[in-house]
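The values are calculated or read from the model by the stated rules, or taken from the named source; none is laboratory data. Since the model is a prediction, treat every value here as computed from it, not as a measurement. Cβ atoms come from the backbone with ideal geometry, glycine included; neighbour counts cover every protein chain shown.
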Amino acid sequence: MDKEKITIPVRSDVSTSDCWDLSKLYPTQEAWEKDLEIFKSAIPKADTFKEKLSDNADIFLNCLEFLKVNGLLGERIGYFAMLKYSEDAGDSSNQARYGMVMQAETEFSAAISFIDPEIQAIPEDIMNSYLQDSRIREYSIMLQKILRFKPHVLSASEEKLLALQAEAASAPQKAFDALTDVDLTFGTIETPEGEKPLSQGSFPSFLINPDRTIREKAYNQLYSRYHEHRNTIAALYAGSVQYDVYQARVRNYSSASAAALFPDDVPEAVYKNLISAVHDGFPALHRYYTLRKKVLGVDTLRHYDVYVPLVKNITTNYTYSEAVDIVTEALAPLGENYTSTLRAGLLGNWVDKYENKGKRSGAFSAGSYCGEPYILMNYKDTVLRDVFTLAHEGGHSMHSWYSVKNNPFQHYNYTIFEAEVASTFNEQFVAKYLLEHADSKDMKAYIIGKQLDDIIATVFRQTMFAEYEQKTHQMYESGVPLTVDSLRSAYRELLEAYFGSEMVLEEVSDLEGLRIPHFYRAFYVYKYATGLSASLALSKKVMDGDNSDRDTYLDFLKSGGSKFPIESLKLAGVDMSSPKPVRDAVGIFTSLLEKYEELL
């Protein structure tokens, strides 16, 4: 019998039951176009408030309401365009829609760019009187966040120039996405089940294949394509770093990292403490790689050997609906309201489930004030990690759901720092559930191995990424040119430090630093590591506690963007300004490793 060749479907061949339903945002393209025109028509109206915000409370309130109404509308049209582009970036209509909304939002940002500087220039006595006005009080949190930026906001004309750069500044990321998600093709890999396509989405499934020759083939084949385009991708990333540094300098921040941390009111010490605490955990991490090399029975441990499960002859196959069952049953301690809402969304219209040609790789949750908290997946039945990913993105979506229900638009949007707590929190409950329902010693070892891999991926690996971002920005800030060689060298040093002496790196291994899409949102990835560290503490608190501990956690989800993240997490029961949560996370890793060694 001929081996079947499995192909990635085009979007039009995907069943609507497997796609998200974006009709709550817009039922038709015409409805979206109508709102786009309304949004664009509001842009000139911003000028009616110029140089008048100090005049009286009525004008000031009208300006705030203008921002609210058009902020809601801009978010709605923007989310729809982004989601359509994410489901198929190769569709020209999706490209056009995304381009139109980007242009309109850039023009709107330029038109309102005078507002923040003008608010910050309002005399203190007048601003205090505004804040006492009952009509304005609902905007107080938003205003306080604007006012703290005063040292970093420029004149109205300068702010307008910066706002007009927004669309051009996104060019490196858009070019990177187009190249890696659409234009690059990676061929196919021959497997015992037939010829399978290699793509960004399928790459992780090849790396967990027990056949080492398949892992090696997929690894080298994917990175050979990046090697062919290494100079282009390096130039794109360098452009992104250069723009970050430019923005920080013109806004009077001490560094690009300081600029990135300021909006969340996160001290730079938190970033430094994370890297330091993770470095202290290197002995445990390297001990894990020594164990991995031994169990795999290989002479040399390679980069493509670090994801395959160490427990052999264990396979999992959960359909999407079975994964939903596992996730919602595991999260039962969070209460009926949480689990029934999540279940209805996952089985209803929140999720775009499977891979198609042109679809963005990986997964994300996209919450907005008007639509559902949509989830993009590339779900595969045979990849256990995808069950955890569904729980992870479901945590984001429920965070958005609670936030929208409990906050006004102007401060419903929580920070990424907090978001990564809600997502990885859910993963802890799924791991606990699967361990409790494991039917063999091997299955328990398999799940604990998965927990170890997740801590490595989220705490150690994301910290390595964070350290790379810090290095590349510091290189440019100190005058070191960002070339393909200097970027690869910096990344290779980190690979050697984090993997230790057991790892034998390939010549192309350091190209990994050129294929991570999150790097185009600088100083973002550290929040995965801090988020997991916080969620490990909070999930243990809820697992071991009572209903009051659960309710405290749900109150954290409900708080939205009403507080800065360090403050909101303190109220939930964890202090991320201290290195203790990260050290405790490393301690949990060490404890799990000891159990793993016993089971193996």
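So which residues in segment 452-485 are touching an Asp or Glu at 6+ places or on another chain (Cβ under 9 Å) and under 19 Å from Arg287 (Cβ atoms)?
Of everything in segment 452-485, those that are touching an Asp or Glu at 6+ places or on another chain (Cβ under 9 Å) and under 19 Å from Arg287 (Cβ atoms) turn out to be Asp454, Thr458.
If Phe465 satisfies all but one of (1) within 18 Å of Phe589 (Cβ to Cβ); (2) buried (at least 24 other Cβ atoms within 10 Å of the Cβ); (3) modelled with pLDDT of 95 or more, what's the number of the condition it fails?
Here Phe465 meets the rest and fails (2).
Within segment 265-286, work out how many residues are buried (at least 17 other Cβ atoms within 10 Å of the Cβ) and more than 18 Å from Thr458 (Cα to Cα).
Qualifying residue count, segment 265-286: 1.
Does Tyr219 satisfy being aromatic (Phe, Trp, Tyr), touching a His at 6+ places or on another chain (Cβ under 9 Å), within 27 Å of Lys359 (Cβ to Cβ) and assigned to a helix (DSSP H, G or I)?
yes
Among the candidates Ser12, Ser41, single out the residue that is loosely packed, with under 12 Cβ neighbours inside 10 Å, of a type in the set (S, T, N, Q), part of a helix (DSSP H, G or I) and at pLDDT below 95.
Ser12 is the lone residue from the list that is loosely packed, with under 12 Cβ neighbours inside 10 Å, of a type in the set (S, T, N, Q), part of a helix (DSSP H, G or I) and at pLDDT below 95.
Looking at Thr458, Thr472, Thr424 in this structure, which one is buried (at least 19 other Cβ atoms within 10 Å of the Cβ), assigned to a helix (DSSP H, G or I), polar (S, T, N, Q) and modelled with pLDDT of 95 or more?
Answer to the selection: Thr472.
Test of understanding: among Ser134, Ser170, which residue is among the small types (Gly, Ala, Ser) and either free of Cβ contacts under 8 Å to residues at least 12 places away in the same chain or under 30 Å from Tyr219 (Cβ atoms) (or both)?
Ser134
Would you be able to tell me the number of residues in segment 196-216 that are among the charged types (D, E, K, R), surrounded by 16 or more Cβ atoms within 10 Å (Cβ to Cβ) and not in a helix (DSSP H, G or I)?
1
With the requirement that a residue be surrounded by 18 or more Cβ atoms within 10 Å (Cβ to Cβ) and part of a helix (DSSP H, G or I), what does segment 294-332 give you?
His303, Tyr304, Asp305, Tyr320, Ala323, Val324, Ile326, Val327, Thr328, Ala330, listed by residue number.
Take segment 524-564 and flag every residue that is closer than 30 Å to Ser240 by Cα and surrounded by fewer than 21 Cβ atoms within 10 Å (Cβ to Cβ).
Of segment 524-564, the ones closer than 30 Å to Ser240 by Cα are 524-534, 560-561, 563-564.
Answer for segment 524-564, where residues must be closer than 30 Å to Ser240 by Cα and surrounded by fewer than 21 Cβ atoms within 10 Å (Cβ to Cβ): Tyr524, Gly561, Lys563, Phe564.
Just the residues that are assigned to a helix (DSSP H, G or I) and of a type in the set (Ser, Thr, Tyr), please, taken from segment 222-267.
Tyr223, Ser224, Tyr226, Thr232, Tyr237, Ser240, Tyr243, Tyr246, Ser257
On the given criteria, is Trp32 surrounded by 17 or more Cβ atoms within 10 Å (Cβ to Cβ) and assigned to a loop (DSSP other than H, G, I, E, B)?
Against the criterion (surrounded by 17 or more Cβ atoms within 10 Å (Cβ to Cβ) and assigned to a loop (DSSP other than H, G, I, E, B)), Trp32 does not qualify.
Quick check: is even one residue across segment 297-317 without any contact (Cβ under 8 Å) to a residue 24 or more places away in the chain and more than 24 Å from Leu434 (Cα to Cα)?
yes
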